[in-house]
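Peer 1: Next up is a structure, given as structure tokens.
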Amino acid sequence: MSVETLQLWAIAAALALGVLVIMLWPLVKRQVRENAPREDYDINVYKDQLLEIDADLERGLLSADQGEAARTEIKRRMLAAADSGETVTKAVGSGSNGLMIAVLTVLMPVGAVLLYLNLGSPDRPDQPLAGRDLRAKVGQNEEQMKISQSADKLSAYLKNNPDDLRGWTLLARTYLSLGRYPDSAMAYAEAYRVSEESAELAVDYGEALTLAADSEISGKARSLFEKALAADNTDPKARYYLGMYKAQQDDVRGAMQMWIDLATLSPPDAPWLSVLNQQIDRAARDSGIDPATITPSAEALALAKELQQNIQAPAPGPTTADVKEAMGMAEGDRNQMIRSMVERLASKMKDDPKNKDGWLRLERAYRVLGEVDKADEAAVRAALLP
Amino acid sequence: MIAEAGHFALVLALFVAIVQAVVPMIGAHRGNAVWMAMDKPSAISQVLLVAFAFGCLTYSHVVSDFSVVNVVQNSHSLKPMLYKVAGVWGNHEGSLLLWVFILAAFGSAVALFGGNLPPTLRARVLGVQSLIAVGFYLFMLLTSNPFERVFPPALDGRDLNPLLQDPGLAFHPPFLYLGYVGFSMAFSFAIAALIEGRVDAAWARWVRPWTLAAWSFLTVGIALGSWWAYYELGWGGWWFWDPVENASFMPWLAGTALLHSAIVVEKRDTMKTWTIFLAILAFSMSLLGTFLVRSGVLTSVHAFATDPERGVFILLLLMIVIGGSLVLFAMRGPALRSTGVFKPISREGGLLLNNLVMSTGCAVVLLGTLYPLFLDAVGGTKVSVGPPFFNSVFIPLMVPMFMAMGFGPFLSWKRADIVQAALRLKIAFIVAALAVAAVIALAGEGPFLALVGLGLAAWLVTSTLVELAERVKLFREPLVASLGRLMRQPRASWGMTMAHLGMAIAIAGMAGAGGWKVESIQVMKPGDQVNVGGYDYTFVGARQGQGPNYTIIEGTFRVSKNGQDVVTLKAEKRNYPVRQMPTTEAAIHSLFSGDLYAVIGDPDGQDGGFVTRIYFNPLVAWMWAGSMLMVFGGVISISDRRYRIGAPARRNRKPAVAANP
């Protein structure tokens, strides 16, 4: 049991004990004074009403006979109250107080603990934001932390240089890779604004918005995806998310149509195909619509054909096969060489951190090696230099 | 650990509430004083536990603990601290926690300050109150738990609805809830009285301060809500007959009737069934309001929850509370005997008319609010019942009411002479006619209803003042004597005078803003000028900037009249990227004669033009000033000494002696 869990149970015990002490007091004391008879309470009020009549008479609000009539009425009420003597309270309880104490002492805390165990998560510590950052700092996630800090620095820099398109785009991408989706969406919003609403950024901006909203596609995100699709009608992300939008609007068939079209358009080795097919399967399962009944739309087929032809058309210069061959031959050696080159550059940058070009070269090198995190970090460092 | 401790406290509060709902009730039934006495410590334990839970949730919001679902869904690490705190109740679960907290607070107030209540009555009142609480604890714990956790914790929150990120939010719901929940007190008193089978003048006096408190809070809540709509929604409107607004208006109407009806019970020992019924109605309308807003039946800013499970639960709770209390009312109500008799033309008759009109008004609003929902539910077409319906049904209903409101205080109890009263009020008739004539001369013709409204306002102000003058025998006695009388007025009658004056001022505001609003929508480039309501607005320009979690466009207008500078207005349009929502921050400058109101919209065209909306809202601020005067009247009235009569002396005896006579 962790310290926090122990503390929780200590607090719970204190609460339960405190409540029991407060609540059982009248039962334990058993010395409750006898209540005055009910009519005394009523008569107290009526006496006050009589005084009020006197005051009203004195103020001249009531004439003498009006006052007299009102007095008679109130006195009649007093008599009626005194007559209804049935409500005299017995001062005490019977011997059942001991039983009551026992029942309450056992039932309240036990009931509360049982219900709480059913509903709560007693062994889960709090996760305040400040504390989490601290933990992240000391933990193994140092790399991410560094990137995150650089990104925040970049963000501060951009506040004063709000028209730096490259900066905003980089910041947005960095935040996205860190999983800070709302921040990413804000940065993309700026980038999108500076770029004068470029269609290329639209899709990424929409994606960030969608991720920030827990995959819920807002009207804004939707219009961004539509814009991207209008600019490039093969854009896979835009098609994917627009399908998702339809699904969220309960148009599952429309969504599946969108995704099946996308599958038709995708090259057979596209990295997103497996996710896409899973999505189609899931939608089919949930809605009971057989995906086989949905055929790719004419538009998608036409587009797919066009793409096919572009690929099959003989390209000028070296064929794709040639390139592949050349690359395959040198693959191992080439990587080895790049890696040692990059390491040299990285150590050089440690000694000369103000060299902007150096950081940009390092970023490109890391990208080639596929080390995205390190590439992003280098990019952020470059962007921070004047 | 803090979040979990809050969760545990809430669960424990449920069990305390169960004890409080059962033990004192049985005690009162059996005449067991010790069991009855359990009401006080239970009520106090409850409020302490819920306050603790509320504090824990607030802590989680303040430190942005994103392992708590409620924080994830409604907060964001960048949100300003005020809204981190206000965000605690700016959402479904948190606002329910506030609801039960206020419920428990009212209960403990009765426990602490209810020493003058007969113990059986107090035990039953607190028992009924706690029964309501049990329903709400279960609702929260089972369907809307504010302490639900998520693991791994989210990286950041989804931010609060930007429309709600406003100082108005910080205060509007708590006051509204204080009003809603306050009527639970009147309800509990009514149910306890039905169980006891006695409703008498003393009962009416005991229940009155709680009703007054609830009514005052609700008035503040509604006024704040309409004020918020006025400056935040940016259309210059202050009341839209939106179902959510109606939800708060219905308990207000029922509560206003209840307040007046209880006077008759207190003074004349009659109209008991009316009063009990109105107490049940007022709280039922409060619950219905909670249901409408919380169940997601209505889609609006306020519908945080759109979850059928919750809706069904609230509906069930509603049926049990309203249905159960009405059944009890039907069984016990006829047995309530009245002793006082009165003629139709009398103070009682006037207050009865008030009851009738107010409950009819409540029924009209209820119909207009529920009819579209009902039609939709039974598969009919979608209709929308909007302002035209309410304006043409509700307002004409209120016109004779306000006429009668001037007469009421002049009628004496039992039987009154209406001709006599009219004669004493001739000055008020004259002032009202003059006011209408003056308005036509000054503002030109206006809509008929608005003219009627201003006339009624003038009538009501004058008649209320005439009543006060008669009360202190102004001009019939030396001025000093009158002044002396003025000082010695009981606070309750001050309360009436102020509340009626406040109502009159509010009516004037509504009529003015409704009848002579000037509105102008155009595209303005820097330097452009437009004349609205006699004021020249020069658009100076707009700049873009960045707020803590939003971007802004800020437009500046210079306002002048006849070449004289009046004020510089800065209107903002904010855009919250996370929620993708724009909000408008209207620039408002209140003058005695009306509000200057400017809103900046989107850029239009390439050359620095912006869409701007400019309004002149005559007298609109009077509405809120009048509302505040009404509330002030309520507060003064609560402080009247007659609500603080002590308990009768009690004899000190060992219980054992009494147990064995």
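Peer 1: Is there a residue in the range A:48-60 that is surrounded by 14 or more Cβ atoms within 10 Å (Cβ to Cβ), more than 22 Å from B:ARG485 (Cα to Cα), among the acidic types (Asp, Glu) and modelled with pLDDT of 85 or more?
Peer 2: There is no residue in the range A:48-60 that is surrounded by 14 or more Cβ atoms within 10 Å (Cβ to Cβ), more than 22 Å from B:ARG485 (Cα to Cα), among the acidic types (Asp, Glu) and modelled with pLDDT of 85 or more.
Peer 1: Same structure again: Please specify each residue of the range B:8-22 satisfying the condition of being surrounded by fewer than 24 Cβ atoms within 10 Å (Cβ to Cβ) and either more than 9 Å from chain A (Cβ to nearest Cβ) or touching a strand residue (DSSP E or B) at 6+ places or on another chain (Cβ under 8 Å) (or both).
Peer 2: Answer for the range B:8-22, where residues must be surrounded by fewer than 24 Cβ atoms within 10 Å (Cβ to Cβ) and either more than 9 Å from chain A (Cβ to nearest Cβ) or touching a strand residue (DSSP E or B) at 6+ places or on another chain (Cβ under 8 Å) (or both): B:ALA21, B:VAL22.
Peer 1: Here is a follow-up. Quick test for you: out of B:VAL72, B:VAL47, pick the one residue that is out of contact with any helix residue (DSSP H, G or I) (no Cβ under 7 Å at 6 or more places or on another chain) and on the phi < 0 side of the Ramachandran plot.
Peer 2: Values: B:VAL47 fails: out of contact with any helix residue (DSSP H, G or I) (no Cβ under 7 Å at 6 or more places or on another chain).
So the residue among B:VAL72, B:VAL47 that is out of contact with any helix residue (DSSP H, G or I) (no Cβ under 7 Å at 6 or more places or on another chain) and on the phi < 0 side of the Ramachandran plot is B:VAL72.
Peer 1: Got a number for residues in the range A:35-60 being within 8 Å of chain B (Cβ to nearest Cβ) and assigned to a helix (DSSP H, G or I)?
Peer 2: Looking only at that region, the number is 13.
Peer 1: Does B:ALA5 satisfy being within 11 Å of another protein chain (Cβ to nearest Cβ) and either surrounded by 23 or more Cβ atoms within 10 Å (Cβ to Cβ) or within 24 Å of B:HIS172 (Cα to Cα) (or both)?
Peer 2: Working: within 11 Å of another protein chain (Cβ to nearest Cβ): yes; either surrounded by 23 or more Cβ atoms within 10 Å (Cβ to Cβ) or within 24 Å of B:HIS172 (Cα to Cα) (or both): yes.
Yes; evaluated as a whole, the condition is true for this residue.
Peer 1: For the range B:109-123, give me each residue that is within 12 Å of chain A (Cβ to nearest Cβ) and in contact with a Ser or Thr (Cβ under 9 Å, 6 or more places away or on another chain). Step through it out loud before you land on a result.
Peer 2: Of all residues in the range B:109-123, those within 12 Å of chain A (Cβ to nearest Cβ) come to B:111, B:114-123.
Within the range B:109-123, B:ALA111, B:PRO118, B:PRO119, B:THR120 qualify.
Peer 1: Right, B:PRO174: surrounded by fewer than 24 Cβ atoms within 10 Å (Cβ to Cβ) and either in contact (Cβ under 8 Å) with a residue 60 or more places away in the chain or assigned to a helix (DSSP H, G or I) (or both) or not? Break it down into steps so the answer makes sense when it comes.
Peer 2: Working: surrounded by fewer than 24 Cβ atoms within 10 Å (Cβ to Cβ): yes; either in contact (Cβ under 8 Å) with a residue 60 or more places away in the chain or assigned to a helix (DSSP H, G or I) (or both): yes.
Taking the combined requirement at face value, the residue satisfies it.
Peer 1: Then there's this: Has the range B:58-70 got at least one residue that is at the interface with chain A (Cβ under 8 Å from one of its Cβ atoms), assigned to a helix (DSSP H, G or I) and under 17 Å from B:GLY90 (Cα atoms)? If you could, list the steps in order and put the result at the bottom.
Peer 2: Here is the first cut: in the range B:58-70, the residues at the interface with chain A (Cβ under 8 Å from one of its Cβ atoms) are B:60, B:63-67.
Remaining after also requiring assigned to a helix (DSSP H, G or I): B:60.
When the remaining residues are screened for being under 17 Å from B:GLY90 (Cα atoms), the result is B:60.
Looking through the range B:58-70, at least one residue is at the interface with chain A (Cβ under 8 Å from one of its Cβ atoms), assigned to a helix (DSSP H, G or I) and under 17 Å from B:GLY90 (Cα atoms).
Peer 1: Sticking with this one: Return yes when B:MET503 is aliphatic (A, V, I, L, M), surrounded by fewer than 21 Cβ atoms within 10 Å (Cβ to Cβ) and within 30 Å of B:VAL472 (Cα to Cα) and no when it is not. Before the answer, list the steps.
Peer 2: Numbers: aliphatic (A, V, I, L, M): yes; surrounded by fewer than 21 Cβ atoms within 10 Å (Cβ to Cβ): no; within 30 Å of B:VAL472 (Cα to Cα): yes.
Answer is no for this residue.
Peer 1: Could you look through the range B:266-288, keep only residues that are of a type in the set (Gly, Ala, Ser) and buried (at least 24 other Cβ atoms within 10 Å of the Cβ), and pick out the one that is modelled with the lowest pLDDT? Even if it seems obvious, please write down each step before you answer.
Peer 2: Taking the range B:266-288 first, the residues of a type in the set (Gly, Ala, Ser) are B:279, B:282, B:284, B:286.
From the residues that got through so far, the ones that are buried (at least 24 other Cβ atoms within 10 Å of the Cβ) too are B:279, B:282, B:286.
Working: B:ALA279: 95, B:ALA282: 95, B:SER286: 92.
Selected residue: B:SER286.
Peer 1: What are the pairs, 6+ residues apart or on separate chains, where a residue within the range A:4-29 that is facing chain B (nearest Cβ under 9 Å) has its Cβ under 7 Å from a residue that is among the charged types (D, E, K, R) and outside any helix (DSSP H, G or I)?
Peer 2: A:THR5/A:ASP123
Peer 1: In addition: Considering only the range A:253-270, how many residues are assigned to a helix (DSSP H, G or I) and surrounded by fewer than 18 Cβ atoms within 10 Å (Cβ to Cβ)? If you could, list the steps in order and put the result at the bottom.
Peer 2: So the first thing to find is which residues in the range A:253-270 are assigned to a helix (DSSP H, G or I), and the list is A:253-265.
Checking the rest, the ones that are also surrounded by fewer than 18 Cβ atoms within 10 Å (Cβ to Cβ) come to A:253-254, A:264.
Of the residues in the range A:253-270, 3 are assigned to a helix (DSSP H, G or I) and surrounded by fewer than 18 Cβ atoms within 10 Å (Cβ to Cβ).
Peer 1: Within the bounds of the range A:221-234, is there any residue that is within 14 Å of chain B (Cβ to nearest Cβ), under 21 Å from the mean Cα position of the chain (by Cα) and either closer than 28 Å to B:ASN575 by Cα or crowded, with 22+ Cβ neighbours inside 10 Å (or both)?
Peer 2: First, the residues of the range A:221-234 that are within 14 Å of chain B (Cβ to nearest Cβ): A:221-225.
Okay, now just the ones that are also under 21 Å from the mean Cα position of the chain (by Cα), so A:221-222.
With the extra rule that they be either closer than 28 Å to B:ASN575 by Cα or crowded, with 22+ Cβ neighbours inside 10 Å (or both), the set shrinks to A:221-222.
There is at least one residue in the range A:221-234 that is within 14 Å of chain B (Cβ to nearest Cβ), under 21 Å from the mean Cα position of the chain (by Cα) and either closer than 28 Å to B:ASN575 by Cα or crowded, with 22+ Cβ neighbours inside 10 Å (or both).
Peer 1: Of all residues in the range B:23-39, count the ones that are surrounded by 24 or more Cβ atoms within 10 Å (Cβ to Cβ), more than 7 Å from chain A (Cβ to nearest Cβ) and more than 12 Å from B:SER130 (Cβ to Cβ).
Peer 2: 3
Peer 1: Quick one: in the range B:621-661, which of the residues that are surrounded by 16 or more Cβ atoms within 10 Å (Cβ to Cβ), within 14 Å of another protein chain (Cβ to nearest Cβ) and outside any loop (DSSP other than H, G, I, E, B) is modelled with the lowest pLDDT?
Peer 2: B:PRO655
Peer 1: State all residues of the range B:497-519 that are more than 28 Å from B:MET630 (Cβ to Cβ) and at pLDDT 90 or above; if no residue qualifies, say none.
Peer 2: Matches in the range B:497-519: none.
Peer 1: If you scan the range B:218-277, which residues turn out to be in a helix (DSSP H, G or I) and of a type in the set (Val, Ile, Thr)?
Peer 2: B:THR219, B:VAL220, B:ILE222, B:VAL244, B:THR256, B:ILE263, B:VAL264, B:VAL265, B:THR273, B:THR275, B:ILE276
Peer 1: Do you know which residues across the range B:74-92 are surrounded by fewer than 22 Cβ atoms within 10 Å (Cβ to Cβ) and either within 10 Å of chain A (Cβ to nearest Cβ) or touching a strand residue (DSSP E or B) at 6+ places or on another chain (Cβ under 8 Å) (or both)?
Peer 2: Answer for the range B:74-92, where residues must be surrounded by fewer than 22 Cβ atoms within 10 Å (Cβ to Cβ) and either within 10 Å of chain A (Cβ to nearest Cβ) or touching a strand residue (DSSP E or B) at 6+ places or on another chain (Cβ under 8 Å) (or both): B:SER77, B:LEU78.
Peer 1: Out of all the residues in the range B:508-526, is one or more surrounded by fewer than 18 Cβ atoms within 10 Å (Cβ to Cβ), within 30 Å of B:GLY609 (Cβ to Cβ), among the basic types (Lys, Arg) and touching a residue at least 24 places away in the same chain (Cβ under 8 Å)? Reasoning before the result, please.
Peer 2: Pass one, the range B:508-526, residues surrounded by fewer than 18 Cβ atoms within 10 Å (Cβ to Cβ): B:518-523, B:525-526.
Filter once more, so that each one left must be within 30 Å of B:GLY609 (Cβ to Cβ): B:518-523, B:525-526.
Narrowing further to those that are among the basic types (Lys, Arg): B:525.
Narrowing the set further to residues that are touching a residue at least 24 places away in the same chain (Cβ under 8 Å) leaves B:525.
Yes, some residue in the range B:508-526 is surrounded by fewer than 18 Cβ atoms within 10 Å (Cβ to Cβ), within 30 Å of B:GLY609 (Cβ to Cβ), among the basic types (Lys, Arg) and touching a residue at least 24 places away in the same chain (Cβ under 8 Å).
Peer 1: Moving on to the next point. Considering only residues of the range B:136-156 that are outside any loop (DSSP other than H, G, I, E, B) and at pLDDT 90 or above, which is farthest from the other protein chains (Cβ to nearest Cβ)? Quick ask: steps written out before the conclusion?
Peer 2: Filtering the range B:136-156 for residues outside any loop (DSSP other than H, G, I, E, B) gives B:136-143, B:149.
The next check asks that each one be at pLDDT 90 or above; those that pass are B:136-142.
Numbers: B:PHE136: 15, B:TYR137: 10, B:LEU138: 10, B:PHE139: 13, B:MET140: 10, B:LEU141: 6, B:LEU142: 8 Å.
By that ranking, first place goes to B:PHE136.
Peer 1: Sort out which residues of the range B:50-66 are crowded, with 22+ Cβ neighbours inside 10 Å, out of contact with any Leu (no Cβ under 8 Å at 6 or more places or on another chain) and closer than 16 Å to B:PHE8 by Cβ, and write them in order of number. Before the answer, list the steps.
Peer 2: Here is the first cut: in the range B:50-66, the ones crowded, with 22+ Cβ neighbours inside 10 Å are B:50, B:53-54, B:56-57, B:60-61, B:64-66.
Among the residues that remain, those that are also out of contact with any Leu (no Cβ under 8 Å at 6 or more places or on another chain) are: B:56, B:60-61.
Within the range B:50-66, B:CYS56, B:SER60 qualify.
Peer 1: So which of A:ALA151, A:ALA189, A:ALA208 is within 12 Å of another protein chain (Cβ to nearest Cβ) and buried (at least 24 other Cβ atoms within 10 Å of the Cβ)?
Peer 2: On the way: A:ALA151 fails: within 12 Å of another protein chain (Cβ to nearest Cβ); A:ALA189 fails: buried (at least 24 other Cβ atoms within 10 Å of the Cβ).
Going through A:ALA151, A:ALA189, A:ALA208 in turn, the sole match is A:ALA208.
The values are calculated or read from the model by the stated rules, or taken from the named source; none is laboratory data. It should be emphasised that the depicted structure is a prediction, and the values quoted were computed from it without experimental measurement. Methodologically, a virtual Cβ is constructed for each residue, glycine included, from the backbone with ideal geometry; neighbour enumeration extends over all protein chains shown.
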